[in-house]
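J.: Handing you a structure now.
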Amino acid sequence: MDKQITHGWEQSESLELPKRFENAENVCVVGMGGSALGSDFISAAFGGSLSAPIYIVNDYIIPAWVGKNTLVILSSYSGNTEEVVAAAEEVLGKTDLVAVVTSGGKLGDWAEKNSIPAVVIDPKHNPSGQPRIGIGYGIVGQMVILAKAGLLSVTKEDVQSMALQMKRSHAEYGDAAEEDKNKAKQLAQNIKESLVVLMTAEHTTGAGHIFQNQLHETSKQLAVNFKLPELNHHLLEGMSHPKAVIEKMVCVLVSSELYNKRNQKRIEVTKEVLEKQDICTEVFVPMGKTALEQAVDVVMFASYTTFYLAMLNNINPAEIPWVDYFKEQMK
């Protein structure tokens, strides 16, 4: 994934946005599945430096609140995601602050026809062709658009830092790392045949969403994702029934010394409450000195964990037969 990050930056840093994009006051990202994961990652990992809120729309319709000062990013890895293509048809009537992230397809053609600024990905470092496995391209493409619009401060050094952290993560979680020292291999073993409940906070919440998505598509295993502190206000009371489900559940808490002190304590107390209810818990502490590096490490940890879990589940991690079947029936 480090190659995706650096290659994506090289492809997109030359993007030029008209001066009017500096008028953006909020951001609407339209994307589905893996194509929407980048904006969730950015919103969480760069939460302290973003100068405008990001709203993610997973639907056909552009929200009514989108107006002339809204930057709309249409994100579709293939360029043929029907919800995003449908949204493109109506967006120009609401704002002219529109940009695209895609590898081509109908959305790429639409952007060219309408002279819409676009980051057109050449995904040579994602031979699988799956958006979730090409997440590095999506993250960088959207980062560059936000930076060029003056909404996010990001430099080549930030990108290099992300790529370097990915290399460190690869050394830690990659297949060459022995299982007794490999946290990704260990977690895959511990969550096999379980309902995975992910619990994240602050800068790791976007990475938590990516983790959930990859558990579904890569491992073909059910997972849910909750955020602290919100989950403490309801979820802990829902851990009693149905008994058959609770017994098959593993809660994975992502902790960090960079969290707000109260959230650090919430992680500890949440773990205590779960264990008092005899619920299996795992705690993962990401590597990295900054929020961005830690968010990147969670993504890498998730990618390796879900791949190893796919092997344990004896399934092909690249194929998505039910999603493909569904799309075929929708034609």
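J.: For region 96-126: of the residues being buried (at least 19 other Cβ atoms within 10 Å of the Cβ), in contact with a Ser or Thr (Cβ under 8 Å, 6 or more places away or on another chain) and β-branched (V, I, T), which is farthest from A24 (Cα to Cα)?
T.: Top of the filtered list is I121.
J.: Determine whether Y55 is surrounded by fewer than 23 Cβ atoms within 10 Å (Cβ to Cβ) and on the phi < 0 side of the Ramachandran plot. Spell out the reasoning first.
T.: On the way: surrounded by fewer than 23 Cβ atoms within 10 Å (Cβ to Cβ): yes; on the phi < 0 side of the Ramachandran plot: yes.
So Y55 passes the test.
For (1) assigned to a strand (DSSP E or B); (2) under 23 Å from G8 (Cβ atoms), each residue gets a yes or a no:
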position: D40; (1), (2): no, yes
position: V66; (1), (2): no, no
position: L71; (1), (2): yes, yes
position: V84; (1), (2): no, yes
position: A99; (1), (2): yes, yes
position: W110; (1), (2): no, yes
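J.: Residues I62, I121, I145, I139: which one is touching a Cys at 6+ places or on another chain (Cβ under 8 Å) and not small (G, A, S)? Before you say what the answer is, go through the steps one by one.
T.: Numbers: I121 fails: touching a Cys at 6+ places or on another chain (Cβ under 8 Å); I145 fails: touching a Cys at 6+ places or on another chain (Cβ under 8 Å); I139 fails: touching a Cys at 6+ places or on another chain (Cβ under 8 Å).
Going through I62, I121, I145, I139 in turn, the sole match is I62.
J.: Is it the case that region 112-120 has a residue that's touching a strand residue (DSSP E or B) at 6+ places or on another chain (Cβ under 7 Å), under 30 Å from E328 (Cα atoms) and part of a helix (DSSP H, G or I)? Write out each step before concluding.
T.: In the first step, residues of region 112-120 are kept if they are touching a strand residue (DSSP E or B) at 6+ places or on another chain (Cβ under 7 Å); the result is 116-120.
Keeping just the survivors that are under 30 Å from E328 (Cα atoms) gives 116, 118-120.
Now restrict to residues that are part of a helix (DSSP H, G or I): none.
No: region 112-120 contains no residue that is touching a strand residue (DSSP E or B) at 6+ places or on another chain (Cβ under 7 Å), under 30 Å from E328 (Cα atoms) and part of a helix (DSSP H, G or I).
J.: Could you pull out every one of the helices (runs of 4 or more DSSP H) wholly within region 228-331 that has 2 or more residues that are more than 21 Å from the chain's Cα centre (by Cα) and charged (D, E, K, R)?
T.: Once the helices (runs of 4 or more DSSP H) in region 228-331 are filtered for at least 2 residues that are more than 21 Å from the chain's Cα centre (by Cα) and charged (D, E, K, R), what remains is 261-276, 321-329.
J.: Can you pull out the residues in region 185-211 that are more than 15 Å from I246 (Cα to Cα) and hydrophobic (A, V, I, L, M, F, W, C)?
T.: Result: L187, A188, M199, A201, A207, I210, F211.
J.: Please indicate, with yes or no, whether at least one residue in region 180-203 is among the small types (G, A, S), loosely packed, with under 15 Cβ neighbours inside 10 Å, out of contact with any helix residue (DSSP H, G or I) (no Cβ under 7 Å at 6 or more places or on another chain) and over 24 Å from M287 (Cβ atoms). If you could, list the steps in order and put the result at the bottom.
T.: We begin by selecting, within region 180-203, every residue among the small types (G, A, S); these are 184, 188, 194, 201.
Cutting the leftovers down to loosely packed, with under 15 Cβ neighbours inside 10 Å gives us none.
No, region 180-203 has no match at all.
J.: Can you tell me how many residues in region 113-144 are farther than 21 Å from A88 by Cβ and of a type in the set (S, T, Y)?
T.: Residues that pass the stated criteria total 1.
J.: Does at least one position in region 240-259 carry a residue that is over 17 Å from H209 (Cβ atoms), hydroxyl-bearing (S, T, Y) and surrounded by 16 or more Cβ atoms within 10 Å (Cβ to Cβ)?
T.: Filtering region 240-259 for residues over 17 Å from H209 (Cβ atoms) gives 240-250, 255, 257-259.
Now narrow it down to the ones that are hydroxyl-bearing (S, T, Y): 240, 255, 259.
Filter once more, keeping what is surrounded by 16 or more Cβ atoms within 10 Å (Cβ to Cβ): 255, 259.
Yes, because at least one residue in region 240-259 is over 17 Å from H209 (Cβ atoms), hydroxyl-bearing (S, T, Y) and surrounded by 16 or more Cβ atoms within 10 Å (Cβ to Cβ).
J.: Kindly provide the set of residues from region 145-163 that are in contact with a strand residue (DSSP E or B) (Cβ under 6 Å, 6 or more places away or on another chain) and assigned to a helix (DSSP H, G or I), ordered by number.
T.: Hit for region 145-163 is I145, nothing else.
J.: Identify all residues within region 12-36 that are buried (at least 18 other Cβ atoms within 10 Å of the Cβ), on the phi < 0 side of the Ramachandran plot and modelled with pLDDT under 90; write none if there are none.
T.: Within region 12-36, S12, G34, S35, A36 meet the criteria.
J.: Of the conditions (1) in a loop (DSSP other than H, G, I, E, B); (2) β-branched (V, I, T); (3) closer than 19 Å to V154 by Cα, V29 fails just one. Which one is it?
T.: Only one criterion is unmet by V29, namely (1).
The values are calculated or read from the model by the stated rules, or taken from the named source; none is laboratory data. As the structure is a prediction and not an experimental result, all values here were calculated from the model. Note: ideal-geometry Cβ built from the backbone for every residue, glycine included; neighbour counts use all protein chains shown.
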